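The values are calculated or read from the model by the stated rules, or taken from the named source; none is laboratory data. Remember, it's a predicted structure, so these values are computed and weren't measured experimentally. Cβ sites come from the backbone with ideal geometry, for glycine too, and all protein chains shown count toward neighbours.
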Amino acid sequence: MSFIPKQEISKALASEQNLDRLPPSYMYSVIFKDIILEIDHDDSKSMNTLASFCQQQKIREKDIDVFKRNYYEKSAVWWYTKELFLYGMFNRALRMLDMEVMTKLGFFIRRLHIELKQLHQEQLADSQKVFTVYRGQGLSQQDFQHPVDTKGGLLSFNNFLSTSKDRDFSTMFAESVSSAETDTVGVLFIISIYQTKISTSITPFAMIDEHSALPQEHEILFAMHTVFRVGEIKQTPEYSRLWEVQLTITDESDPQLAGLTDNIKQEISGSGWYRMGQLMLKVGYFDQAQELYNKLLENAPDDSERAHIYHMLGMMKHSQGEYQQSVTFYEKSLEINRKTLPEDDASLAPTYGNIGGVYKNMGEYSKALEYYEKSHKIREISLPPTHPDLAASYLNFVACYEEMGDYTAALEALKNAHKIQQEAFEESNQAFAVTFSRYGRVYRYLKEYSKALDYFEKCLKILEIALPEKHPNWAIIYSNIGDVHRLMGDYEKALAFHQKALNSQENVKCNPLDCATTYMNVGETYREMKDYTTALTYYQKGLKI
């Protein structure tokens, strides 16, 4: 579930950037669903790919065989409600934002969504215009605080939502999963449906008894990301650990939801599989992105698409720390585009800037500045003076000056970038995360540690609402904060943040340089604590990478 409090939505609508308070898992899974629904899948090929993947995951061969032999004989609803592997695999992938599994299941998700739309249309004439359904579930006390805080705001169930018309059944289930020992409360969601106020294209749902593998449950199934407004919340007098939460279904006509939806769609541009590739890069699934882009490259219909794919592959390799390959891909993109575009075309600026970034990471600062200058000059000619891309150009210079040890020049460029961003965005916008991180790094080098820590913590606050749980940037910010605490002599806090960085790196494929830096920072902390044996261990781990 994802919650967006009422006051934050109002603030968001007043701003062009209303994604800043959204849980990343919600935002990225909405984008994923939109992409999946617009792609035409080859179900037969996709089913075989999923079956092969399931074999690798050690799912029982018997269950896989049943799925392959009978897939077309049963409805998607039947497969979703069948106690096999699809239901658990899909919902676990959504919770973890596991793009690999979600993509493998994409063809099935699309089929299930389309079936719900069809069933909804078939049942529409015979169904009540206003009715109520129920869902019972358990929530920890901490999680239950979210709907309490969200009263008047929006709640989204990020998966396909199972509900029932049987209040007693849902109540009994909610009571059964509540427990004082595990600090769990039972929650009965009472959901009011007004059919005349909603669009079936956005929020399809249907009674699925005749199509379900469990027909006795009188189930109504809602599509992914159905959004509700949270109403009254009250404790039941009969049982102190059971709460009732009133929900009302919303639709795109709701102005708050409309603003939210429009801005989510703008977060990642493009269409179809190209948009999916960008989403994979955004959430750090680089191997899956490369596999996808390689397939797109094989089937690219023209030079324009090939240039775009090479650019995205360059970005991916840059993020993975494979710098020479990154430059190669970027140069292939430039080579194609230069055949048809003038040298000062605005679309070339990002590629020049990115090549500069790669050379900066390789320690070739003169080359980096050369490409940064090319990018910046194009943007100065083609963009208004307060355009966010100009801020990005200044941040490129900051990164290079910082590595060259010219902190005065870095700070000047940083202030230019910050000034543009302040005119373009609210300070909670994701764009400020990079700016604050750069401020932190520069002030750290200038030995102004309190200022450095302040900016790193500002960066962390933005990342907490912008990044999914598994992302390479977590390790970077934790490592930076840990290093400042070390420099301030607070070794306990330093080690705590460095450990967070190491834990984060275990869950993602991180840039090798960033991984090595974390180990070296831990080693330096132990060295200053005069624990030389432990320090040596971490130094050696860093040097091995």
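Observations, loosely collected:
- Some residue of segment 98-108 being small (Gly, Ala, Ser), on the phi > 0 side of the Ramachandran plot and assigned by TED's automatic domain parsing to the domain that holds Ser29: no
- Subset of segment 29-66 that is of a type in the set (Asp, Glu) and assigned to a helix (DSSP H, G or I) - its residue that is nearest to the chain's Cα centre (by Cα): Asp34
- Segment 251-304 holds helices (runs of 4 or more DSSP H) entirely within its bounds, and those carrying 3 or more residues that are over 26 Å from Ser156 (Cα atoms) and at pLDDT 90 or above map to 286-298.
- Residues within segment 311-331 that are under 23 Å from the mean Cα position of the chain (by Cα), in a helix (DSSP H, G or I) and not basic (Lys, Arg), tallied: 8
- Those strands (runs of 3 or more DSSP E) lying entirely in segment 157-244 with at least 2 residues touching a helix residue (DSSP H, G or I) at 6+ places or on another chain (Cβ under 6 Å) and not assigned by TED's automatic domain parsing to the domain that holds Tyr71: none
- Conditions (1) at pLDDT below 95; (2) farther than 22 Å from Lys317 by Cα; (3) in a helix (DSSP H, G or I): number failed by Leu341: (3)
- Only residues that are among the charged types (D, E, K, R) and surrounded by 14 or more Cβ atoms within 10 Å (Cβ to Cβ) were counted in segment 115-132, giving 2.
- Scanning segment 339-351 for residues that are among the aliphatic types (A, V, I, L, M) and either surrounded by fewer than 23 Cβ atoms within 10 Å (Cβ to Cβ) or more than 14 Å from Leu390 (Cα to Cα) (or both) yields Leu341, Ala346, Leu348.
- Odd one out for Asn354, checked against (1) among the polar types (S, T, N, Q); (2) surrounded by fewer than 18 Cβ atoms within 10 Å (Cβ to Cβ); (3) under 24 Å from Asn337 (Cβ atoms): (2)
- Summed over segment 279-318, the residues that are of a type outside the set (Phe, Trp, Tyr) and buried (at least 18 other Cβ atoms within 10 Å of the Cβ) give a count of 22.
- Flag for Asp406 being surrounded by 16 or more Cβ atoms within 10 Å (Cβ to Cβ) and among the charged types (D, E, K, R): no
- Checked against the criteria, Arg135 counts as under 23 Å from Ala206 (Cβ atoms), surrounded by 14 or more Cβ atoms within 10 Å (Cβ to Cβ), charged (D, E, K, R) and in contact with a helix residue (DSSP H, G or I) (Cβ under 8 Å, 6 or more places away or on another chain).
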